[in-house]
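Student: What follows is a structure written as structure tokens; I'll ask about it next.
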Amino acid sequence: VHLMESGGGLVQAGGSLRLSCAVSKTTFSGKPTGWYRQAPGKQRELVAAFRNGGRDTIYHDSVKGRFTLSGDSAENTMYLQMNDLKLEDTATYYCNAAGYDAKSDRFLEVWGQGTLVTVSS
């Protein structure tokens, strides 16, 4: 297991959640790149991601001003602070990471198992 996600759950509209994604200290030395989400019957979409080596962040238009992406490079962990949650934010959220894996001697892109966020009215 390369990525460990946590923080999903049930929250009322207008509430907040904080998602975490930690990269396991294994043969994989990749870095978290961003969060994606997939709602039932819809395609997976980018929610927020780092760009330019982490110097910049990009957001889906629907979450701008409400979600904040951050990271702890020392712990190789990424966070998504989600405020003012809306019904349409309901989805399974996936963490993505990319980098070198010493065991396979390959560059890998890996995904977390997903954490469910449910926003109720």
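The values are calculated or read from the model by the stated rules, or taken from the named source; none is laboratory data. All values reported here derive from a predicted model rather than from experimental measurement. With ideal geometry, Cβ positions are generated from the backbone for all residues, glycine too; neighbour counts draw on all protein chains shown. Keep in mind that these areas ignore ligands, DNA and RNA; they rest on the heavy atoms of the full protein, side chains included. Shrake-Rupley method; radii C 1.70, N 1.55, O 1.52, S 1.80 Å.
Student: With the alpha-carbon atoms as the only input, what is the per residue convex hull volume for the chain in Å³?
Tutor: Normalising the Cα hull of the chain by residue number yields 100 Å³.
Student: For segment 6-39 and segment 55-121, what is the centre-to-centre distance using only Cα atoms, to the nearest Å?
Tutor: Segment 6-39 and segment 55-121 have Cα centres separated by 5 Å.
Student: Could I ask something else about it? Evaluate the charge dipole of segment 1-69 about its Cα centre and quote only its size in Debye, nearest 20, assuming +1 on the Cβ of each Lys and Arg and -1 on the Cβ of each Asp and Glu.
Tutor: So the dipole magnitude of segment 1-69 works out to roughly 80 debye.
Student: Which of the trypsin sites (Lys or Arg not before Pro) found in segment 6-55 are in a DSSP loop and have at most 12 neighbouring Cβ atoms, other than their own, within 10 Å?
Tutor: Lys25, Lys42, Arg55
Student: Right, next: Would you mind telling me the share, in percent, of accessible area of segment 32-87 contributed by carbon and sulfur at probe 1.4 angstrom?
Tutor: That share works out to 45 percent.
Student: Add +1 for every Lys or Arg and -1 for every Asp or Glu among the other residues with Cβ under 12 Å from the Cβ of Leu19, and state the total.
Tutor: 0
Student: While we're on this one: Enter the accessible area per residue of segment 42-121 (Å², integer; probe 1.4 Å; all protein chains in place).
Tutor: Here the residues of segment 42-121 average 57 Å² of exposed surface.
Student: Straight distance only, please: which lysines reach the Cα of Lys64 with their own Cα at less than 30 Å, same-chain residues fewer than 8 apart left out?
Tutor: Partners within reach: Lys31, Lys42, Lys86.
Student: Which order do you get for Glu109, Glu5 if you rank them by accessible area with a 1.4 Å probe, largest at the top?
Tutor: Sorted by accessible area, descending: Glu109, Glu5.
Student: Another question, if that's okay. Output wanted: per-residue J couplings in Hz (rounded whole) for segment 116-121, from phi through Karplus 6.51 cos²θ - 1.76 cosθ + 1.60, θ = phi - 60°, x for Gly and Pro.
Tutor: Calculated HN-Hα couplings, in order: 7, 10, 10, 10, 10, 7 Hz.
Student: Could you work out the mean projected area of the convex hull around the alpha carbons of segment 26-96, in square nanometres to one decimal?
Tutor: Computed as one quarter of the Cα hull surface, the answer is 5.5 nm².
Student: Taking segment 58-121, how much of its Cα-Cα pair set, in percent, is spaced more than 14 angstrom apart?
Tutor: Above the 14 Å cut-off, segment 58-121 has 69 percent of its Cα pairs.
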